[in-house]
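The values are calculated or read from the model by the stated rules, or taken from the named source; none is laboratory data. Note that the structure is a prediction, hence the values are computed from the model and not measured. Cβ atoms come from the backbone with ideal geometry, glycine included; neighbour counts cover every protein chain shown. Surface areas here come from the heavy atoms of the whole protein model, side chains and all, with no ligands, DNA or RNA. Shrake-Rupley method; radii C 1.70, N 1.55, O 1.52, S 1.80 Å.
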Amino acid sequence: MGKSCKVVVCGQAAVGKTAVLEQLLYANHVAGSEPMETLEDIYIGSIETDRGTREQVRFYDTRGLRDGMEFPRHYYTFADGFVLVYSIDSKESFKRMEALKKDIDRHRDKKEVTIVVLGNKLDKQEERRVDSNMAQNWAKNEKVRLWEVSVVERRTLIEPFVYLASKMTQPQSKSTFPLSRNKNKGSGSTDS
């Protein structure tokens, strides 16, 4: 296990950010429970990557954004990753998530961050207001991964977070510069 990665979970109020984390980490979300407003909570989880290693991830569950609220800027500077959450039954929440993505791109100071997008409340198909194909096309254009999930079905939450942990902790690519030099190479001496 390497360093602890910091992930900011953000989106409009009442899209299910806390429910996603509670269900992912503790499997204890009760469907239909009243949402409670979050100021900020920190969750620490150990997630297995696609390489089979376990990584510690510190999730910052942020306050849901409402009209006229700006996302606090200090989150942009320390995060290794972001989970942007919208609700498939709210076009407004999708637009808020799009604006958050633009803000992240503008404020991250060239820092490499991993962003995943979750379209929550997949169990409310009959109330869908965000077209799935439109959302996937947006994600493709923005070069982010998007999953539609439901806290009611915990298994839908696993893949996005394994991807997130794997991407944030992947080993750096090999340098094109050799780290050690072969001392005999090019010395001109031939031992026989």
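Details
- Test: residue in the range 157-176 that is open to solvent by 100 Å² or more (accessible area, probe 1.4 Å), modelled with pLDDT of 95 or more and outside any loop (DSSP other than H, G, I, E, B): yes
- Residues that are among the hydrophobic types (A, V, I, L, M, F, W, C) and either open to solvent by 40 Å² or more (accessible area, probe 1.4 Å) or at pLDDT below 90 (or both), drawn from the range 18-34: LEU25, ALA27, VAL30, ALA31
- Residue among VAL83, VAL15 that alone is aliphatic (A, V, I, L, M) and touching a Ser or Thr at 6+ places or on another chain (Cβ under 6 Å): VAL15
- Residue in the range 105-122 that is free of Cβ contacts under 8 Å to residues at least 24 places away in the same chain, open to solvent by 80 Å² or more (accessible area, probe 1.4 Å) and within 15 Å of the chain's Cα centre (by Cα) present: yes
- One residue from LYS140, LYS185 being at pLDDT 95 or above and open to solvent by 30 Å² or more (accessible area, probe 1.4 Å): LYS140
- Some residue of the range 19-26 being closer than 19 Å to THR169 by Cα, of a type in the set (D, E, K, R) and not in a strand (DSSP E or B): no
- The residues of the range 40-64 that are touching a residue at least 60 places away in the same chain (Cβ under 8 Å) and under 18 Å from TYR76 (Cα atoms) amount to a single one, VAL57.
- Condition check for VAL15: open to solvent by less than 50 Å² (accessible area, probe 1.4 Å), on the phi < 0 side of the Ramachandran plot, part of a loop (DSSP other than H, G, I, E, B) and at pLDDT 90 or above: yes
- Of the set (1) surrounded by 12 or more Cβ atoms within 10 Å (Cβ to Cβ); (2) outside any helix (DSSP H, G or I); (3) touching a residue at least 12 places away in the same chain (Cβ under 8 Å), all apply to GLU37 but (1).
- Filtered by the rule that a residue be open to solvent by 80 Å² or more (accessible area, probe 1.4 Å), within 12 Å of VAL162 (Cα to Cα) and assigned to a strand (DSSP E or B), the range 40-56 gives GLU48, ARG54.
- Considered as a group, the residues in the range 57-98 that are among the small types (Gly, Ala, Ser) and modelled with pLDDT under 95 include one that is most open to solvent (accessible area, probe 1.4 Å), and that residue is GLY68.
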